[in-house]
Amino acid sequence: MPLRPFDKPILVTRPFLPSLDEFMEGIKEIWDNRWLTNNGPIVQRFSRELSNYYETENVCLFNNGTLALQIGLQGMGITGEVITTPFTFVATSHALYWNKIRPVFVDIEPDHYTLDPAAVEAAITPWTSAILAVHVYGFPCNLNALADIARRHKLALIYDAAHAFGVSVGGRPISHFGDMSMFSFHATKLFHSIEGGMLTFRDSGLKETFDYLKNFGFKNEVEVVMPGTNAKMNEMQALMGMLVLKQLDHLIGSSRRIDAAYRECLKDVPGIRFPPPLPAGVDYNFIFQPIEVDEEQFGMSRDALYERLKEWNVHTRRYFYPLICDYACYRSIPVNGSLAVARRVADRILTLPIYDSLELSDVEGICDIVISLQQQATTRGPSARPAMIDKAAPVV
Ligand code: T4K
């Protein structure tokens with residue numbers, strides 16, 4: 001079949017939306033209540049549902065994941081240096097910055113891109129107070145090794161689980177590992193509440209502190225017990241979150257099928273590498289579809305493929321390139337040891353479109369374009385370049 005550019009842009013992700021009728025029913029309740037924010041009834045209900053889902057009372061909701069993490073670090077009293085990954089969304093480091101904590105960037109593992117425990121251990125100094133590890137793409141970190149290091153060196157172990165909603169390991173929700181986990185409910189996430197975030201934590205004593213910190217430090221009308229900020233989730237966000245939560249199994253199921261289709265269609269393409277299967281016992285959420293592009297074997301660099309796909313109306317992303325330590329605002333921070341793996345991955349990584357409403361036929365179409373680009377790049381045949389997107393059919 002001749003290849004054509006997609007009529008409409010295929011974006012890297014699209015938020016799931018519940019039916020408008022269902023959402024309007026909830027909106028009616030908000031109108032009737034005339035309660036919009038400040039720990040309203042729907043936020044409280046959403047919080048209880050998440051408590052049940054995560055099998056813990058230690059849940060605190062926020063208006064976004066970044067402030068959740070920032071407040072989490074503040075509430076736990078983390079200071080000095082924190083060992084973390086440069087291969088993540090920049091908000092991970094920003095949360096440290098706003099707490100005047102120095103990020104110490106160390107290398108990642110080559111298969112699933114999470115912190116390399118040996119590199120973490122080598123970077124510990126007398127000023128280290130915590131490890132901030134990221135379950136990047138929802139891939140669980142090396143939980144046992146990091147817990148062991150944290151215990152031996154008396155460090156707090158904090159997970160940025162922004163991508164890991166719905167992931168469990170050995171039947172235990174991912175939130176059960178470490179001292180605290182942050183989840184992002186941003187619209188681009190598989191599970192979302194338009195914007196939103198959540199902390200889960202081991203020490204029940206932190207709940208009160210987090211509640212103060214997200215509400216200006218108010219204890220009651222006349223007492224402010226700490227200089228907090230405003231990071232409260234509102235009723236509309238909670239309503240969306242509750243409706244999306246009902247669909248979580250469907251969302252994960254759809255993405256699982258898309259992942260399988262990509263892996264099948266692209267399995268023989270030289271220079272494309274998928275992360276290997278996750279260890280037994282991991283229930284994954286299929287939130288991202290990362291591939292690595294080896295320029296030599298594929299015949300084209302990752303950046304060239306990213307640009308060429310745009311011409312076919314396929315809008316992939318280079319999550320997470322550049323590394324955080326290469327952004328202007330972090331460049332002056334000395335890096336500990338080699339970041340060889342992180343640099344190699346950041347230069348090769350490409351995240352393909354994945355979301356529940358992406359048709360399997362579209363996945364096949366994307367794969368056909370990738371295959372065709374690869375074949376032409378390696379045979380140096382005529383360039384697979386569509387004449388005009390949205391116009392008459394270009395034929396490859
Ligand atoms: N830690 C980690 C590891 C994170 O990945 C994130 C956020 C955080 C912490 C912080 O959590 P939050 O404070 O955000 O809760 C997006 C998201 O904004 C961000 O939440 C996410 N990680 C990051 C990985 O991706 P951008 O700047 O790439 O988003 P944008 O606007 O380019 O959208 C991505 C794609 O989604 C586009 O193709 C358009 C499409 N889209 C987007 C939105 C917002 C839609 O179709 N509809 C929409 O409503 O950052």
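The values are calculated or read from the model by the stated rules, or taken from the named source; none is laboratory data. Computed from a predicted structure; not experimentally measured. Neighbour counts run over all protein chains shown; Cβ positions are idealised from the backbone, glycine included. Side chains are part of the model used for accessible areas, which takes the heavy atoms of the whole protein and leaves out ligands, DNA and RNA. Shrake-Rupley method; radii C 1.70, N 1.55, O 1.52, S 1.80 Å.
Brief remarks on what is shown
- Any pair with Cβ under 6 angstrom, 6 or more apart, that starts in the stretch 81-99 at a residue that is near the ligand (Cβ under 9 Å from one of its atoms) and open to solvent by 10 Å² or more (accessible area, probe 1.4 Å) and ends at one that is at pLDDT 95 or above and outside any loop (DSSP other than H, G, I, E, B): Val90/Ile324; Ala91/Thr66
- Selection from the stretch 101-146 of residues that are assigned to a strand (DSSP E or B) and either within 16 Å of the ligand (Cβ to nearest atom) or surrounded by fewer than 23 Cβ atoms within 10 Å (Cβ to Cβ) (or both): Arg102, Pro103, Phe105, Ile108, Leu115, Thr128, Ser129, Ala130, Ile131, Leu132, Ala133, Val134
- Helices (runs of 4 or more DSSP H) completely within the stretch 1-76 that count 3 or more residues being among the hydroxyl-bearing types (Ser, Thr, Tyr): 41-54
- Residue ID - most open to solvent (accessible area, probe 1.4 Å), chosen from residues in the stretch 291-314 that are farther than 21 Å from Ile10 by Cα and assigned to a helix (DSSP H, G or I): Glu296
- If you go through the stretch 215-249 and keep only what is farther than 19 Å from Asn64 by Cα and of a type in the set (Lys, Arg), you end up with Lys219, Lys246.
- Any hit, the stretch 16-26, residues being under 16 Å from Ala238 (Cα atoms), open to solvent by less than 60 Å² (accessible area, probe 1.4 Å), touching a His at 6+ places or on another chain (Cβ under 9 Å) and within 16 Å of the ligand (Cβ to nearest atom): yes
- Residues in the stretch 37-65 that are of a type in the set (Ser, Thr, Tyr), surrounded by 15 or more Cβ atoms within 10 Å (Cβ to Cβ) and touching a strand residue (DSSP E or B) at 6+ places or on another chain (Cβ under 7 Å): Ser47, Tyr54, Thr56.
- Matching residues in the stretch 3-28 - criterion: being of a type in the set (Asp, Glu) and touching a residue at least 60 places away in the same chain (Cβ under 8 Å): Asp7, Glu22
- Residue in the stretch 173-183 that is in a helix (DSSP H, G or I), crowded, with 24+ Cβ neighbours inside 10 Å and more than 12 Å from the ligand (Cβ to nearest atom) present: yes
- Residue that is least open to solvent (accessible area, probe 1.4 Å), among those in the stretch 241-290 that are without any contact (Cβ under 8 Å) to a residue 40 or more places away in the chain, farther than 27 Å from Ser175 by Cβ and in a helix (DSSP H, G or I): Arg263
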